[in-house]
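Visitor: The structure that follows is given in the form of structure tokens.
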Amino acid sequence: MSVEHVDTVVVGAGVVGLAVARALAQSGREVLVLEAAEAFGTATSARNSEVVHAGIYYPAGSLKARLCVQGRDMLYAYCAARGVAHRRCGKLIVACNDAQVAELHAIEARARANGVGDLRWLGRAEALALEPQLDCQAALLSPSTGIIDSHGLMLSLLADLEHAGGLLAVHSKVNWLAALSDQGQSAIKLGVSAGDGDGAELELQALQVVNAAGLGAIALAHRTQGLAPQHRPPLPTRWAKGNYFTLSGRAPFSHLIYPVVERDSPSLGVHLTLDLGGQAKFGPDVQWQDSPDDYRVDASRADAFYAEVRRYWPGLPDAALQPAYAGIRPKLTGPGEHAGDFVIQGPREHGVAGLVNLFGIESPGLTSCLAIADEVAGRWIGP
């Protein structure tokens, strides 16, 4: 890259970074996306369940609740208009005992408070009529839940970005940021290195920078000169890995199946999801670890998966689960802590002109990507 000055830089080319860059480019800005990896969307955006969430579980009034519901509708409309593969297959949230039935009522109330008005309560007979292999006392049907080709979505967002004049530079690691102010003119300087970061460092200067670095967003904030310490979340000491197992053979389900879990659980339980080809997978679980680079799936974890899945699908055959893949969640909270909300932190919060930090953009980040982009473009980045 020979560019030394650019209007707007987006750090990170995951689904959220690409959506934000697209929105900014379409508003008329000159946009450069810097991605440290060899391609876009290789981390969290490529290692998830590819589910379009309805907005059911999140606390009322939270960013997750609002942006998920808004983003869900935007995403379905976008996929239909752009030909991105997706399907509104629906989801069943299943309760297998009396305590879970009570929690299912609470989930339904929370969803309605979030504006999810299409849920349907099913008794045991109705649930088994839809999915005969299930074993449950009751279920909630969420027709707005679906699945999507996340890679196809990112390809489409990138095409929109480039059509609007934006650029993506891979193998471009942002090492540090520094807020500048000279005679009332504000800018942000970036130190960028190519490849593995061992080469010469290039300094760029931008009027606006969006830190959408996902797993690296907090670390970059700690390398941002001029950002006060109280606006830098603590660096993760543990990383939340989610493991997935695939099902050998075709699944006897046409809906996604989610078990009822305890409120404020760090995950939605070991659920059954489908890809667009009908392949079933189970997960994610939560495995706290010390490294963000360990994506190995321990085959022995399947024992716990069998036990959890057979609570709602007792017919799961022995030896049917195969290790698939794992993903790391960019969580703001650690083991035993309540799940955190999205954090969209702009100049109004931290006082650094032109800088937006996106922290804790885990699930439902994929569903919310277009709504997050509008939030950044319309509210946090000035004209």
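Visitor: Towards the positive end of the charge dipole of the chain, with charges on Cβ (+1 Lys, Arg; -1 Asp, Glu), say which of Ala36, Pro317, Pro330 has the farthest Cα.
Guide: Pro317
Visitor: With a point put 7 Å past each Cα toward its Cβ, work out how far Asp290 is from Arg310 in nm, to one decimal.
Guide: That separation, rounded to one decimal, is 3.5 nm.
Visitor: Still on this structure: Determine the distance separating the Cα centre of region 117-191 from the Cα centre of region 205-241; give it in Å without decimals.
Guide: With region 117-191 and region 205-241 each reduced to a Cα centre, they are spaced 20 Å.
Visitor: Taking 0.36 nm per residue of sequence separation and subtracting the Cα-Cα distance, how much length would be gained by fully extending the chain between Asp303 and Leu235, in nm to one decimal? Before the final figure, lay out each step's value.
Guide: On the way: separation 68, 0.36 × 68 = 24.48 nm, distance 3.23 nm.
Length gained, Asp303 through Leu235: 21.3 nm.
Visitor: Connecting C-alpha atoms closer than 10 Å in a GNM of the chain, tell me which of Ala81, Ala13, Ala280 has the biggest fluctuation.
Guide: Ala81
Visitor: Hey, fewest Cβ within 10 Å first, where do Phe253, Phe305 land in order?
Guide: Numbers: Phe253 21, Phe305 18.
In order of increasing Cβ crowding within 10 Å: Phe305, Phe253.
Visitor: When the chain is modelled as a GNM with alpha-carbon springs shorter than 10 Å, which of Ala320, Ala127, Ala371 fluctuates the most?
Guide: For the chain, modelled as a Gaussian network with Cα springs under 10 Å, the answer is Ala320.
Visitor: Which distance in nm do the two modelled labels at Ser181 and Ala324 give, with both placed 7 Å along the Cα-to-Cβ direction?
Guide: Going by the 7 Å Cα→Cβ label model, 5.0 nm.
Visitor: List the trypsin sites (Lys or Arg not before Pro) in region 273-358 that DSSP assigns to loop (not H, G, I, E or B) and whose Cβ has at most 12 other Cβ atoms within 10 Å. Which are they? Show your work: numbers first, answer last.
Guide: On the way: sites: Lys281, Arg296, Arg301, Arg310, Arg311, Lys331, Arg348; in loops: Arg296, Arg310, Arg311, Lys331.
Counting only loop positions with at most 12 other Cβ atoms within 10 Å, the trypsin sites (Lys or Arg not before Pro) in region 273-358 are Arg296, Arg310.
Visitor: Relative to the present Cα-Cα distance, how much length would full extension add between Ala169 and Ala129 at 0.36 nm per residue of separation? Don't jump to the answer; show the numbers that get you there.
Guide: Numbers: separation 40, 0.36 × 40 = 14.40 nm, distance 5.10 nm.
Extending this stretch completely gives an extra 9.3 nm.
Visitor: For region 278-383, what is the Kirkwood hydrodynamic radius in Å, using each pair of distinct C-alpha atoms? Provide the component values of the computation, followed by the final result.
Guide: On the way: mean 1/r = 0.0583 Å⁻¹.
Result for region 278-383 stands at 17.2 Å.
Visitor: So what is the 222 nm mean residue ellipticity for the chain from helices alone, if each DSSP H run of at least 4 adds -39500 (n - 2.57) and you divide by all residues, rounding to the nearest 500 deg cm²/dmol?
Guide: Numbers: 9 runs with 98 residues, N = 383.
Computed mean residue ellipticity for the chain: -7500 deg cm²/dmol.
Visitor: Okay, next question. With the dipole of the chain worked out from charges on the C-beta (+1 for Lys and Arg, -1 for Asp and Glu) around the Cα centre, which of Ser186, Gln208, Tyr58 lies farthest toward the positive end?
Guide: About the Cα centre, the residue reaching furthest to the positive side is Tyr58.
Visitor: Of the listed values [x] 18.7; [y] 21.7; [z] 17.0, identify the label whose number matches mean projected area of the Cα convex hull in nm² calculated from this model.
Guide: Derived directly from the coordinates: [x].
Visitor: Given the options Gly71, Gly283, Gly336, state which has the largest fluctuation in a GNM of the chain using a 10 Å cut-off (strictly under) for Cα springs.
Guide: Maximum among the listed residues: Gly336.
Visitor: Sticking with this one: Report the charge-dipole magnitude of region 260-365 in Debye, nearest 20, computed about the Cα centre from +1 at each Lys and Arg Cβ and -1 at each Asp and Glu Cβ. Write down the numbers at each step before the final one.
Guide: Numbers: 9 positive and 15 negative charges, 49 e Å.
Using Cβ point charges on Lys, Arg, Asp and Glu, region 260-365 gives about 240 debye.
Visitor: Just flag the GluC sites (Glu not before Pro) in region 305-383 sitting in loop per DSSP whose Cβ has no more than 15 other Cβ atoms within 10 Å. Mind showing how you got there, number by number?
Guide: Values: sites: Glu308, Glu337, Glu349, Glu362, Glu375; in loops: Glu337, Glu362.
Within region 305-383, the qualifying GluC sites (Glu not before Pro) (loop, at most 15 other Cβ atoms within 10 Å) are Glu337.
Visitor: Charges only on Cβ, +1 for Lys and Arg, -1 for Asp and Glu: so what's the dipole of the chain about the Cα centre, in debye to the nearest 20? Write out the running numbers ahead of the final one.
Guide: Working: 31 positive and 39 negative charges, 151 e Å.
For this selection, approximately 720 debye.
Visitor: Could you give the nm distance between label points at Ala81 and His151, where each point is 7 Å from its Cα heading toward the beta carbon?
Guide: Here the modelled spin labels are 2.6 nm apart.
Read-outs throughout are calculated quantities, based only on the coordinates presented, and are distinct from any laboratory measurement. Quick caveat: nothing in here was measured; it's all calculated off a predicted structure. Counting neighbours? That spans all protein chains shown, and the Cβs are built from the backbone with ideal geometry, glycine included.
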